[in-house]
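**Q** Handing you a structure now.
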Amino acid sequence: MTVKRITPELFEKLVGLAALELTDEESSYLFEEMNHQLASVESLSQVPIPEDVQPSLHGVEPEGTAPRADRWVPFPRPERIIALAPESENGMIAVPDVKGAR
Amino acid sequence: MKDYEVIIGLETHIQLNTVTKIFCSCKADSWEDEPNTNICPVCSGLPGVLPVLNEEAVRKGAALAAAMHAEINPESRFDRKNYFYPDLPKGYQITQFDQPIGKGGCLDLKMPDGQTRHVRIHKLHLEEDAGKTKIEHGTRLVDFNRCGVPLVEMVTEPDLRSGDEAAQYLIQLRQLLRWIGVSEADMERGHLRCDANVSIRKRGSEVLNTKTEIKNVNSIDAVRQAIGEEAKRQVELVESGGTVKSYTLDWDADRGKLTMMRSKESEADYRYFREPDLLPVVLSEEKIEAIRAGLPELPMVRRERFEREYGLSAYDAEILTGERSLSEYFEAAVKCFGGGEKSISNWMINDLTRLMNDLDKTAAELILTPAFLAEIIRLVEEGKINAATGKNLLRKVEESGRDPVEIVEAEGLAVIADSGALRTQIEAILAGAPDEVANFKAGKESLLGWFVGQVMRATGGKADPKLTREILLELLKN
Amino acid sequence: MKLVSISAFEIAQKVRGGELKASQVTQEALAQIRKVDGIPGSLLPYQVSAEEERKVHAFIQVTEEMALAQAKKVDEAVANGEDPGMLAGVPISIKDIFCVEGTTTTAASRFLENFEAPYTATSVQKLIDAGGVILGKVNLDEFTFGSSTESSAYQPSTNNPWNTEHVPGGSSGGSAASVAAEETALSLGTDTGGSIRQPAAFCGVVGLKPTYGRISRLGLIAFSSSLDCPGPISRDVRDAALMLQAMAGQDPKDSTSSVRPVGNYLQALEQDVRGLRIGLSPDYEAVYYPDLETGEIHREPIQKEVHDAVLRAAEVLAKAGAEIVENVPMPNTRYGIPVYFVVSRIEAASNLHRFDGVKYGYRTKSEVRNLEELYRRTRAEGFGPEPKLRILMGMYLSAAGYSSDYYQHALKVRAMIRRDFDRVFDPIGEFSLDAMLTPTTAATAFKRKDVFGDSLLMQYSDQMTVASNHAGVPAVTIPAGLDDGGLPIGIQLIGNDFCEDMILRIGRAFEQKTQDDAWRKVRPQALGGEVQA
């Protein structure tokens, strides 16, 4: 039996999807580790699931908070949020254009 | 062009008119607000925060589903749609994927030519809006005020066949949204936004060809025009041997032109999965029943009932059911009058709507109540005041809020039906116009109208026209 | 006895009674930090002197000013005859994954080096409201991603106070170490797959993962939202109960927080264990992991001393009147780690989407041509290797979209893990247990650098703890001895939903029955104890 592996091509695609860029050293390390983890994940495919089993999102069924009433509670001094931004202009967060050239 | 059929599906985003956003307690509407002043840690996606669902957004979403004849899901769920964009602070949008609040549904379009087009709903779910960005000198500036505004995304099946039908769909949808009170549906303010999927095929064919998506067709005219343009482009392309490619197009309303945004070949992978921060939205049978029961009679049903019950023309019925409070006003007035539906309809369509337009008010906002309108019409029909006085009264009542009868008495607006008093006035007029009297007596009987006019002028329009004629003829013929 | 050595319960009692000043306790705790902690973890390069190697390095940030102000408030309340709360004057450290207004919240990541949240986590606010004194923020694995605290971007990372050549465990390593080294009486940690219990066991302290939803998650920077639980770390069971009492309860800002009424945990401790049914399972005697070449599953028995400690604890409890039920099957426990790989990575990848250099935290300093490049460069520079690994794995496991076999399948296996617990806790079922007794970890604390870098092995150190995260049930680790190397051994009690009172009660009974055990007299190295050769 051989285990399933993530291909280098798929790995590259995932790096793009994750909005990352990696050094060669990082790439080879992460690529290997992912395939190790995949061996663990793949062991699940052997687990027989009885028909009546429904996916469980939280394990325990949360007896959670009911939806909230539609009442306005303003957040005090919202400018504190924009103050966290690395770059802002006139109260707006600034980023480069999608197409570039700024 | 006429060998081809245009296949259209519309994707609409409807802003619900809740007080607050869908997952936090910021105001839902920021139209008048400065950028980033209506935000909090939740809607701006700070680390560590959690969404808490607004129950009113659920209720309004479910009400819309009910009004669209969709099935309301007793247990709907939220999912995450993951992608990077600066207007999406969490890096994912909370939306509903495989367990939306509504399933199925339809809208029957009444086309002006009397035809009906049955449009099926493919998808109806709740989600949060993203923020806004704008470009200024090569920099993109981001405003989060709109992040988290509650939306219903509603997508039709490809059941529409022309720009006109698509426009009619938006018209009826807008009417319905306002009618059931779930959205202001103001397209200029983005409360109702629309993207259109357009493809063409040879008439008689059943295949669905490659479609293009037109973004931002955010007015009734834009929908009609953009679809027309795109259908024309596709036909010309195919006729000249080309093939339609799966593009996303942008409609520039100012220039009336379509521009290509991007090829859709590389479809994004949103990696949907269940939102673990929210619990299923559970609506009990009683709650669903209450939502259904809470819906008013829907516009199309009411329109048909008006034709049937009041014998109104299709045209009148359509106008009177164009807006919910107008239709309710009509029925209230009929009730106060104890009938008179035809004249009430005429008064409303001809005069009341003009008043409403002038004052920019809906029927519900009028001070002139249906009871007052009924009273004015009654005064006219009983000959107590003439029609012109009645029409002026509309505005006077609206401005003063006073009872029309009271105004008529206080201002002496009743018609002069006392023949003695009228005779005295007419005698004075005839005495002042000896030439005209002579001409009349010489056979120029068409002058009668002129005499009537003189009397009306002298009495400020209050003279009873019938009585005026009688007295005039009596005095002139002697 | 030094103030830093006494329990939170006693401190609060004395402060409320006016016998002790909160300010004095705070000063002593700060002094202890200065004495044993060494240089704080930071992004700056640091000198590894032999002396620093023997320090604890639990703290990233000591909030001295804030702590003294909070202590002063408590003292003023007492002076005014007001009740300062059940945690009056108790020093508390906070895992640096909780947002606390007035502090930076780093998540042990370069990404959030200067991030100051404009709001405070509900759990932390409740501690403050109960009179607790926040001493500062302690180290952890970057974004809680790890089991040794070594992956923190803030170095030096925390050492194990019992033997500084060993890791404190993780991800709440700073929390467990700060409590073990008597720098603080209590610490607030988080547990997603064992991140409270494993370091607590490694550091010889008590750590409780409550039922999912018992303590609000608001303000906890999310790792895996369906698994994350804030919880207490303390030196004894009563202190854990006290801290839980202060934090438990529904939060209108966390939809998944439970509306269930909160029990009286301290009162529950007064009951004994007579007649309680406690289960032992053969499925907690070994770790199951895949062969990387063949995919075959190997079975590796747990460390003998750990296994013995569990059996000894069972004897102690049996003597105290509990009924020990052996051979309780928990057959799906072994799938805990692979299920965890799927669920936690998918959720983590999504939770880390928001770190994009746009709104807060790190943004690349290099020139970028467009937005896409800004995202990629920022995330490449801001995240360490472990977050990158988890993001990529999450991308892979969810990339196929909703129909993804991995995710749906994993959630079903998760449901089966849950069923194991449902079956054994069913009051009218075959076992009708009140708790399960298991090891907390398969082995005691490993040496620094021994496991770090091997992400699979590191993850498998959570094998004994992760099942209760999947099931959502509460579990507590309690010190139960030392191994031959003098490193602490933890035993775990797992209870039914919202039965924190039950496992704390059993734990307290065990603690009291073993109060005079010789191993309890041994002091950690950081507190002057001898390190065994």
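The values are calculated or read from the model by the stated rules, or taken from the named source; none is laboratory data. Keep in mind it's a predicted model, so treat the numbers as computed, not measured. Ideal geometry is used to build each Cβ from the backbone, glycine not excepted, and the neighbour counts take in all protein chains shown. Ligands, DNA and RNA are stripped out before the accessible areas are found, and what is left, the full protein with its side chains, is counted by its heavy atoms. Shrake-Rupley method; radii C 1.70, N 1.55, O 1.52, S 1.80 Å.
**Q** Just grab the label-to-label distance for A:Arg80 and B:Cys106, each label 7 Å out from Cα along the Cβ direction, in nm (one decimal).
**A** Between A:Arg80 and B:Cys106, the label points sit 5.4 nm apart.
**Q** Can you give the % of DSSP beta bridges in region B:4-290 that are antiparallel, to the nearest 5? Mind dumping the intermediate values first?
**A** Values: 56 of 59 bridges.
About 95 percent, rounded to the nearest 5.
**Q** Taking the DSSP beta bridges in chain C as the whole, what percent of them are antiparallel, to the nearest 5? If you can, show how the numbers build up before the last one.
**A** Details: 33 of 46 bridges.
DSSP beta bridges in chain C are roughly 70 percent antiparallel.
**Q** How high is the FRET efficiency from C:Asp291 to C:Gln267, r the C-beta distance, R0 60 Å, rounded to 0.05? Spell out each step's value before the answer.
**A** Working: r = 50 Å, r/R0 = 0.84.
Efficiency, from the Cβ-Cβ distance: 0.75.
**Q** Moving on. Just to check, using Stokes-Einstein with a Kirkwood Rh over alpha carbon pairs, what's the diffusion coefficient of region C:406-533 at 37 °C and 0.692 mPa s in µm²/s?
**A** Working: Rh = 16.8 Å.
In µm²/s, the coefficient is 195.
**Q** Return the loop-located chymotrypsin sites (Phe, Trp or Tyr not before Pro) in region C:1-72 (DSSP other than H, G, I, E, B) with at most 16 other Cβ atoms within 10 Å of their own Cβ; answer none if there are none. Show your work: numbers first, answer last.
**A** Details: sites: C:Phe9, C:Tyr46, C:Phe59; in loops: C:Tyr46.
Filter output for region C:1-72: C:Tyr46.
**Q** Rounded, prolate or oblate: which fits region C:277-407, taking a ≥ b ≥ c as square roots of the Cα gyration tensor eigenvalues, rounded meaning a/c under 1.5, else prolate when a/b beats b/c?
**A** Values: a/c = 3.16, a/b = 2.45, b/c = 1.29.
Prolate, because a/c is 1.5 or more and a/b exceeds b/c.
**Q** I'd like the carbon and sulfur percentage of the solvent accessible area for the protein assembly as shown, probe radius 1.4 Å, heavy atoms only, ligands and nucleic acids excluded.
**A** C and S atoms contribute 49 percent here.
**Q** Taking the solvent-accessible surface of protein heavy atoms with a 1.4 Å probe, what is the per residue accessible area of region B:358-429 in Å²? Don't skip to the answer; put the middle values down first.
**A** Numbers: 3670 Å² over 72 residues.
Result: 51 Å² per residue.
**Q** Assuming R0 = 45 Å, what is the FRET efficiency of B:Met260 and C:Ser366, from their Cβ-Cβ distance, to the nearest 0.05? Intermediate results must be reported in sequence, preceding the final value.
**A** On the way: r = 32 Å, r/R0 = 0.71.
My answer for the efficiency is 0.90.
**Q** Now, a different point. With a 1.4 Å probe, what is the total accessible area buried between chains B and A, in Å² rounded to the nearest 100?
**A** Values: alone 23890 and 10030 Å², together 30890 Å².
The B and A chains share an interface burying roughly 3000 Å².
**Q** For region B:419-477, count the residues as N, evaluate 2.2 N^0.38 Å, and divide the Cα radius of gyration by that value, please. Show your work: numbers first, answer last.
**A** On the way: Rg = 10.4 Å, N = 59, 2.2 N^0.38 = 10.4 Å.
Computed over Cα atoms of region B:419-477, the ratio equals 1.00.
**Q** On the Cα set of chain C, report Rg and Dmax in Å, please.
**A** In Å, with Rg to one decimal and Dmax whole: 21.7, 72.
**Q** Give the lysines whose C-alpha is closer than 24 Å to that of C:Lys412, dropping any in the same chain fewer than 8 places away, or say none.
**A** A:Lys4, B:Lys81, C:Lys209
**Q** What spacing in nm lies between the two simple spin-label points modelled at C:Ser5 and C:Lys447, each 7 Å away from Cα in the Cβ direction?
**A** Result for the modelled spin labels: 3.2 nm.
**Q** Another question, if that's okay. Please name which of B:Gly453, B:Ala226, B:Val437 has its Cα lying farthest along the dipole of chain B towards the positive end, using unit charges on Cβ (Lys, Arg +1; Asp, Glu -1) and the Cα centre as origin.
**A** Farthest towards the positive pole: B:Ala226.
**Q** Modelling each spin label as a point 7 Å along the Cα-to-Cβ direction, I'd like the C:Ala518/C:Arg419 distance in nm, to one decimal.
**A** The modelled label-to-label distance comes out at 4.8 nm.
**Q** So how much accessible surface do C and B hide from each other in total, probe 1.4 Å, in square angstrom to the nearest 100? Walk me through the intermediate numbers first.
**A** On the way: alone 21040 and 23890 Å², together 41980 Å².
Accessible area lost upon association: around 3000 Å².
**Q** If each DSSP helix of 4+ residues adds -39,500 (n - 2.57) and the sum is divided by the residues in chain C, what number results at 222 nm, nearest 500 deg cm²/dmol?
**A** Numbers: 17 runs with 187 residues, N = 533.
When only DSSP H runs of four or more count, the value is -10500 deg cm²/dmol.
**Q** Per residue, how much accessible surface does region B:4-290 expose to a 1.4 Å probe? Answer in Å², no decimals.
**A** On the way: 11170 Å² over 287 residues.
The answer is 39 Å² per residue.
**Q** Over the residues of chain B, compute the C-alpha Rg and express it relative to 2.2 N^0.38 Å.
**A** Numbers: Rg = 30.4 Å, N = 478, 2.2 N^0.38 = 22.9 Å.
After normalising by residue count via 2.2 N^0.38 Å, the value is 1.32.
**Q** Sticking with this one: What is the P(r) of region B:1-99, as percent of Cα-Cα pairs per 5 Å bin from 0?
**A** Distribution as computed: 2, 10, 15, 21, 19, 12, 8, 5, 3, 2, 1, 0 percent.
**Q** Treating only the Cβ of Lys, Arg, Asp and Glu as charged (+1, +1, -1, -1), what charge dipole size does region B:419-477 show about its Cα centre? Round to the nearest 20 debye.
**A** Working: 8 positive and 7 negative charges, 22 e Å.
So the dipole magnitude of region B:419-477 works out to roughly 100 debye.
**Q** Can you work out the FRET efficiency for the pair C:Ala318 and C:Gln408, with r the C-beta to C-beta distance and R0 = 45 Å, to the nearest 0.05?
**A** Values: r = 43 Å, r/R0 = 0.95.
Result of the calculation: an efficiency of 0.60.
**Q** Still on this model: Can you list the lysines whose alpha carbon sits under 16 Å from that of C:Lys253, skipping same-chain ones fewer than 8 residues off?
**A** B:Lys21, C:Lys126
**Q** Separate question: Over region B:94-150, one equal point on each Cα, no solvent: what is log10 I(q)/I(0) by the Debye formula at q = 0.14, 0.18, 0.22 Å⁻¹?
**A** The calculated log intensity ratios at q = 0.14, 0.18, 0.22 Å⁻¹ are -0.67, -0.77, -0.86.
**Q** How many square angstrom of accessible surface are buried between C and A, both sides summed, with a 1.4 Å probe and rounding to 100? Provide the component values of the computation, followed by the final result.
**A** Working: alone 21040 and 10030 Å², together 25120 Å².
What C and A bury together is about 5900 Å².
**Q** I've got another one for you. Give me the percent relative contact order of chain C, please, defined on Cα pairs under 8 angstrom at least 6 residues apart.
**A** Reported relative contact order: 17 percent.
**Q** A 21 angstrom limit on the alpha carbon distance is what I want to check against. Which of B:Lys132/B:Lys215; B:Lys90/B:Lys287; B:Lys60/B:Lys211; B:Lys396/B:Lys462; B:Lys90/B:Lys134 exceed it?
**A** Values: B:Lys132/B:Lys215 15 Å; B:Lys90/B:Lys287 32 Å; B:Lys60/B:Lys211 32 Å; B:Lys396/B:Lys462 17 Å; B:Lys90/B:Lys134 19 Å.
Flagged as over cut-off: B:Lys90/B:Lys287; B:Lys60/B:Lys211.
**Q** How big is the gap, in Å, between the Cα center of region B:266-290 and the Cα center of region B:119-138?
**A** With region B:266-290 and region B:119-138 each reduced to a Cα centre, they are spaced 18 Å.
**Q** Please name which of C:Pro210, B:Leu295, B:Gly114 has its Cα lying farthest along the dipole of the protein assembly as shown towards the positive end, using unit charges on Cβ (Lys, Arg +1; Asp, Glu -1) and the Cα centre as origin.
**A** Most positive-ward Cα: B:Gly114.
**Q** Return the lysines within reach of C:Lys21: Cα separation strictly under 17 angstrom, same-chain partners fewer than 8 residues apart disregarded; answer none if there are no such residues.
**A** Straight-line reach from C:Lys21, under 17 Å: C:Lys2, C:Lys72, C:Lys73.
**Q** So what's the gap between the Cα centers of region B:141-186 and region C:7-81, to the nearest angstrom?
**A** Centre-to-centre (Cα) distance: 58 Å.
**Q** Hey, could you grab the Kirkwood Rh for region C:125-275? Inverse mean 1/r over distinct alpha carbon pairs, Å, one decimal. Walk me through the intermediate numbers first.
**A** Numbers: mean 1/r = 0.0644 Å⁻¹.
One over the average 1/r among Cα pairs gives 15.5 Å for region C:125-275.
**Q** Let me ask something else. Determine the dipole magnitude for chain B: charges of +1 sit on the beta-carbon of Lys and Arg, -1 on that of Asp and Glu, nothing else is charged, the reference point is the Cα centre, and the result goes in debye to the nearest 20. It would help to have the intermediate numbers written out before the result.
**A** On the way: 63 positive and 79 negative charges, 145 e Å.
The calculated dipole for chain B is roughly 700 debye.
**Q** Another one. For region B:269-288, which residues drop by 20 square angstrom or more in accessible area between the chain on its own and all protein chains together (1.4 Å probe)?
**A** B:Asp269, B:Arg271, B:Tyr272, B:Phe273, B:Arg274, B:Pro276, B:Asp277, B:Leu279
**Q** Under a point-charge model restricted to the Cβ atoms of Lys and Arg (+1) and Asp and Glu (-1), what is the dipole moment magnitude of region B:297-410 relative to its Cα centre, in debye to the nearest 20?
**A** Values: 15 positive and 22 negative charges, 24 e Å.
The calculated dipole for region B:297-410 is roughly 120 debye.
**Q** Hey, another quick one. Taking a ≥ b ≥ c as the square roots of the Cα gyration tensor eigenvalues, with a/c under 1.5 meaning rounded and otherwise prolate when a/b beats b/c, else oblate, which class fits chain A? Show your work: numbers first, answer last.
**A** On the way: a/c = 3.67, a/b = 1.26, b/c = 2.91.
Oblate.
**Q** Suppose the Debye formula is applied to equal point scatterers at every Cα of region A:1-48; what is log10 I(q)/I(0) at q = 0.30 Å⁻¹?
**A** -1.15
**Q** Counting only Cα atoms, I'd like the Rg/Rh figure for region B:266-369, Kirkwood definition for Rh. It would help to have the intermediate numbers written out before the result.
**A** On the way: Rg = 21.1 Å, Rh = 16.8 Å.
So for region B:266-369, dividing Rg by the Kirkwood Rh gives 1.25.
**Q** Taking the dipole about the Cα centre of chain C, with the C-beta of Lys and Arg at +1 and of Asp and Glu at -1, give me whichever of C:Met436, C:Ser123, C:Ser455 is farthest to the positive side.
**A** Result: C:Ser123.
**Q** Mind checking the full-extension length gain between B:Thr139 and B:Ile171? Use 0.36 nm per residue of separation minus the Cα-Cα distance, one decimal, nm.
**A** Details: separation 32, 0.36 × 32 = 11.52 nm, distance 3.71 nm.
Once the chain is fully extended between B:Thr139 and B:Ile171, it gains 7.8 nm.
**Q** Need one number: convex hull volume per residue for the protein assembly as shown, Cα atoms only, in Å³. Present the calculation step by step, with values, prior to reporting the outcome.
**A** Working: hull volume 263.6 nm³, N = 1113.
Taking the convex hull of the Cα positions in the protein assembly as shown, it is 237 Å³ per residue.
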